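> Structure below; questions to follow.
The values are calculated or read from the model by the stated rules, or taken from the named source; none is laboratory data. Not measured: the values here are computed from a predicted model. Reconstructed Cβ throughout: ideal geometry from the backbone, glycine too, with neighbour counts over all protein chains shown. Accessible surface areas use protein heavy atoms only, side chains included; no ligands, DNA or RNA. Shrake-Rupley method; radii C 1.70, N 1.55, O 1.52, S 1.80 Å.
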Amino acid sequence: MKQNTNKYLIIGATGKTGARVYNKLNELGLNVKGANRQGEIHFDWRAPETWAAALMGIDSVYLTYYPDLAIPEAPEDIAKFCALAKIKGVKHITLLSGRGEPAAQVCEEIVQKSGISWTVVRASWFNQNFSEGMFRAFVDAGTIALPVGAITEPFIDVEDICDVVVASLLDTRHSGNLYEVTGPELLSFVQLADIFTEELHRSVDFVQISHAAFGANLQHNNVDPKAIEMLTYLFTEVLDGRNEFIADGVERALGRPARRFKEFVSANRLAFLGGSQ
Ligand SMILES: NC(=O)c1ccc[n+]([C@@H]2O[C@H](COP(=O)([O-])OP(=O)(O)OC[C@H]3O[C@@H](n4cnc5c(N)ncnc54)[C@H](OP(=O)(O)O)[C@@H]3O)[C@@H](O)[C@H]2O)c1
């Protein structure tokens with residue numbers, strides 16, 4: 001079999017998906033470089049002068065944008081990045097996108113029309129927002145307090161997202177595919193809290209709070225203002241029922257079902273109970 005000599009660049013290599021994709025490629029013995037603001041390759045979305053050096057000699061890119069493809073700067077950044085990637089000879093880009101965000105879909109189209117082979121992985125809410133993200137503290141405290149009502153969401157395990165991303169980076173059959181990836185079940189935040197209670201054998205509740213109280217909590221915890229803006233957008237606009245359906249991207253890309261939320265909590269039980277991840 002022909003040896004894979006491709007060079008891979010992971011943007012956001014310390015993030016929830018980026019770190020896993022980096023590790024998975026590394027474990028396969030592939031030539032992979034991680035890029036972020038303090039990584040082995042210095043890359044900053046807010047400093048375009050860092051982009052060209054990061055793309056030097058790269059064949060395939062896993063592209064994650066921060067804080068979200070819905071921010072006003074994103075389309076211009078993505079367009080400039082793709083144009084530069086083309087000049088630098090990049091052959092494939094896999095883009096991580098979010099569901100139900102028209103602004104993110106503008107960025108998807110930019111990648112799709114870049115003239116570079118592409119895969120788009122359009123994901124629902126990550127399970128890992130509750131283990132590695134800013135909502136972990138809610139689980140530890142036993143109360144998930146968010147400005148959201150009876151809405152349901154098909155939360156996805158980032159391990160599934162990463163398996164799809166890795167497949168897309170290794171196999172050209174995934175080129176030109178948009179995979180909408182979700183978990184296999186729609187869960188309300190009350191049901192999600194109940195799963196934590198059941199699996200961790202300790203009480204985790206859900207309470208709906210006002211948008212104002214949520215914003216004040218984030219400010220109090222020194223969350224980056226751009227991230228606060230994104231979360232406000234997410235809770236006021238995106239979580240309005242538009243994403244209350246399950247998509248088959250994991251099955252289509254990998255030929256197996258996506259993991260259930262219950263499996264995620266159970267697999268991370270010790271980390272949740274130990275207070276760290
Ligand atoms: N979380 C979800 O539920 C969800 C769902 C669907 C889609 N997404 C998408 O996933 C992406 C990542 O989301 P996340 O919030 O879960 O974050 P994350 O991937 O866990 O972490 C963010 C990554 O981006 C890097 N980063 C931060 N600021 C950067 C900058 N200015 N330039 C370059 N790299 C930077 C961070 O590294 P350094 O801080 O070291 O630079 C880190 O590696 C977003 O585009 C989001 O829309 C998320």
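> Sorted by accessible area (1.4 Å probe), largest first, how do His211, His201 line up?
Of His211, His201, the descending order of accessible area is His201, His211.
> Name the residues whose placed amide hydrogens come within less than 5 Å of the amide hydrogen of Arg122, ignoring near sequence neighbours (fewer than 5 apart) on the same chain.
Ser97, Tyr179, Glu180, Val181
> For the chain, go through all pairs of different Cα atoms, get the mean of 1/r, take its inverse, and jot down that Kirkwood value in Å.
Result for the chain, one decimal place: 19.4 Å.
> Quick check on packing: order 220-230, 94-104, 239-249 by the mean number of other C-beta atoms within 10 Å, highest mean leading.
94-104, 239-249, 220-230
> What is the sum of charges around Val265, taking Lys and Arg as +1, Asp and Glu as -1, for the other residues whose C-beta is under 9 Å from the C-beta of Val265?
-1
> Skip the ligands, DNA and RNA, and give the accessible area per residue of the range 141-205 with a 1.4 Å probe, whole Å².
I get 34 Å² per residue for this part.
> Using only the Cα atoms of the range 1-85, what are the Rg and Dmax in Å?
13.0, 45
> Starting at the first residue of the range 115-128, write each ³J(HN,Hα) from the Karplus equation 6.51 cos²θ - 1.76 cosθ + 1.60 with θ = phi - 60°, in whole Hz, x for Gly and Pro.
Going residue by residue, I get x, 10, 4, 9, 9, 10, 10, 9, 9, 7, 4, 6, 4, 5 Hz, with x marking Gly and Pro.
> Counting DSSP beta bridges in the chain, what percent are antiparallel, to the nearest 5?
10 percent
> Calculated from DSSP H runs of 4 or more alone, at -39500 (n - 2.57) each and per residue, what is the 222 nm mean residue ellipticity of the chain, nearest 500?
-11000 deg cm²/dmol
> Could I ask something else about it? For an R0 of 22 angstrom, estimate the FRET efficiency from the Cβ-Cβ distance between Asp44 and His220 and round to the nearest 0.05.
The computed FRET efficiency comes out at 0.20.
> Give me the percent relative contact order of the chain, please, defined on Cα pairs under 8 angstrom at least 6 residues apart.
17 percent
> For the range 1-64, what is the accessible area per residue in Å² when the probe is 1.4 Å?
Result: 51 Å² per residue.
> Continuing with this model, one more query. Ignoring ligands, DNA and RNA, what percent of the 1.4 Å accessible area of the range 63-152 is carbon and sulfur?
60 percent
> Here is a further query. Taking a cut-off of 17 Å between Cα atoms, list the aspartates and glutamates near Lys80, but don't count ones fewer than 8 places away on the same chain.
Asp44, Glu49, Asp68, Glu108, Glu109
> Another question about this same structure. Place a +1 charge on the Cβ of each Lys and Arg in the chain and a -1 charge on the Cβ of each Asp and Glu, then give the dipole magnitude about the Cα centre in debye, rounded to the nearest 20.
940 debye
> Moving on. What does the charge count near Leu239 come to, summing +1 for each Lys or Arg and -1 for each Asp or Glu among other residues with Cβ under 12 Å from its Cβ?
Here the count lands on -3.
> Kindly identify the range 200-275 as rounded, prolate or oblate by the Cα gyration tensor criterion: order the square roots of the eigenvalues as a ≥ b ≥ c, call it rounded if a/c is under 1.5, otherwise compare a/b with b/c, prolate if a/b is larger, else oblate.
Since a/c reaches 1.5 but b/c is at least a/b, the shape of the range 200-275 is classed as oblate.
> Continuing with this model, one more query. From the gyration tensor of the Cα coordinates in the range 1-155, what semi-axes in whole Å does the equivalent ellipsoid have, largest first, with each one equal to sqrt(5λ)?
29, 19, 15
> If DNA, RNA and ligands are ignored and the probe is 1.4 Å, what is the ranking of Ser266, Ser124 by accessible area, most exposed first?
I get Ser266, Ser124, largest accessible area first.
> Still on this structure, please answer the following. For the residue pair Lys262 and Ala79, what label-to-label distance in nm results when each label sits 7 Å from Cα along the Cα-to-beta-carbon direction?
Result for the modelled spin labels: 4.8 nm.
> If one computes the Cα centroid of the range 183-247 and of the range 1-68, what distance in Å separates the two points?
Here the answer is 29 Å between Cα centres.
> Here's something else I'd like to know. Using amide H atoms built 1.01 Å from N in the peptide plane, name the residues 5+ places from Ile144, or on other chains, whose amide H lies under 5 Å from its own.
Result for Ile144 returns Asp205, Phe206, Val207.
> Please compute, over every Cα-Cα pair in the range 142-277, the percentage with a separation greater than 26 angstrom.
36 percent
> Name the shape class, rounded, prolate or oblate, that the alpha-carbon gyration tensor gives for the range 173-213, where a ≥ b ≥ c are the square roots of its eigenvalues, rounded holds for a/c under 1.5, and otherwise prolate holds if a/b is larger than b/c and oblate otherwise.
Verdict is oblate for the range 173-213.
> Given the peptides 257-265, 163-171, 73-81, arrange them by the average over their residues of other C-beta atoms within 10 Å, most packed first.
163-171, 257-265, 73-81
> May I ask for the equivalent-ellipsoid semi-axes of the range 120-222, computed as the square root of five times each C-alpha gyration tensor eigenvalue and listed largest first in whole Å?
So the equivalent ellipsoid measures 30, 16, 13 Å along its semi-axes.
> Let me ask something else. For Ala85, what charge total do you get from the other residues with a beta carbon under 11 Å from its beta carbon, if Lys and Arg give +1 and Asp and Glu give -1?
+3
> Return a whole-number percent for the relative contact order of the range 13-56, with Cα pairs under 8 Å and 6 or more residues apart as the contact set.
About 25 percent, as a whole number.
> Please turn the phi angles of the range 240-251 into ³J(HN,Hα) values with the Karplus equation 6.51 cos²θ - 1.76 cosθ + 1.60 (θ = phi - 60°), one per residue in order, whole Hz, x for glycine and proline.
So the J values, rounded to whole Hz, are 10, x, 5, 9, 7, 7, 8, 10, 9, x, 5, 4.
> Once the dipole of the range 18-164 is set up with Lys and Arg at +1 and Asp and Glu at -1 on Cβ about the Cα centre, which of Ser124, Leu95, Ala53 lies farthest towards its positive end?
Most positive-ward Cα: Ala53.
> Compute the relative contact order of the range 152-270 as a whole-number percentage, counting only Cα pairs closer than 8 Å that sit 6 or more residues apart in sequence.
46 percent
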